[in-house]
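Worksheet: the structure to be examined is printed underneath.
The values are calculated or read from the model by the stated rules, or taken from the named source; none is laboratory data. Remember, it's a predicted structure, so these values are computed and weren't measured experimentally. Quick reminder, even Gly has a Cβ in these numbers, built from the backbone with ideal geometry, and neighbours come from all protein chains shown.
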């Protein structure tokens, strides 16, 4: 993800996460609502970032702000990848290494985002007087900050995919591509764990997927 210039509003998932952390750190009750809003935006933004970086870009037309719809669209593109995928890239000439990851917006984080949405409406004054209300919101926001931090840690915009047997492609964020700094055709060694999905002994082909 590109870093916004000074004075610009960072509408990326990481930008929303940064502001959520600031609001949460103030410790005031009213700041919890701003933190919850930023987290809600951040979860939506990360799902949109994955959809926009997919092998088949999905144009979400219906209710693009609903986390459930976005989550289902991501699942259509990437399948049920709910665990991080870690790959270590090595440039043979320099032995320089880079660990890149796909860190998904997990189902649990999506559900947490939906719960946060319920707090972004009018509150009954009597409910606001109940400390249990604030404790529940504070707990949700804390979990949301941790969960979104994990979901935005990766530099892959989706898990590796196989357009055809024995070929694996990656969707990199720009930072990872800038690190490589190589021209097309440059060789890069890859270290990753794979699972054999299908074996075609007749044509000597294997279909693999990342663990």
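Can you run down the residue pairs with Cβ atoms below 9 Å, 6 or more apart or on separate chains, where the first is in region 94-119 and at negative phi and part of a strand (DSSP E or B) and the partner is surrounded by fewer than 18 Cβ atoms within 10 Å (Cβ to Cβ) and modelled with pLDDT of 90 or more?
101/153
Do the conditions hold for residue 100, that is, is it in contact with a strand residue (DSSP E or B) (Cβ under 7 Å, 6 or more places away or on another chain) and buried (at least 20 other Cβ atoms within 10 Å of the Cβ)?
Answer is yes for this residue.
Report whether or not residue 160 is under 19 Å from residue 79 (Cβ atoms), out of contact with any helix residue (DSSP H, G or I) (no Cβ under 8 Å at 6 or more places or on another chain) and buried (at least 20 other Cβ atoms within 10 Å of the Cβ).
Details: under 19 Å from residue 79 (Cβ atoms): yes; out of contact with any helix residue (DSSP H, G or I) (no Cβ under 8 Å at 6 or more places or on another chain): yes; buried (at least 20 other Cβ atoms within 10 Å of the Cβ): yes.
Yes, satisfied.
Tell me, please, whether a residue that is over 14 Å from residue 148 (Cα atoms) and either part of a helix (DSSP H, G or I) or modelled with pLDDT of 95 or more (or both) can be found in region 33-44.
Here is the first cut: in region 33-44, the ones over 14 Å from residue 148 (Cα atoms) are 33-34.
After this cut, where a residue has to be either part of a helix (DSSP H, G or I) or modelled with pLDDT of 95 or more (or both) as well, the list is 33-34.
Yes: one or more hits.
Given the criteria modelled with pLDDT under 90 and either exposed (fewer than 14 other Cβ atoms within 10 Å of the Cβ) or in a loop (DSSP other than H, G, I, E, B) (or both), does residue 165 qualify?
Details: modelled with pLDDT under 90: yes; either exposed (fewer than 14 other Cβ atoms within 10 Å of the Cβ) or in a loop (DSSP other than H, G, I, E, B) (or both): yes.
It is true that residue 165 is modelled with pLDDT under 90 and either exposed (fewer than 14 other Cβ atoms within 10 Å of the Cβ) or in a loop (DSSP other than H, G, I, E, B) (or both).
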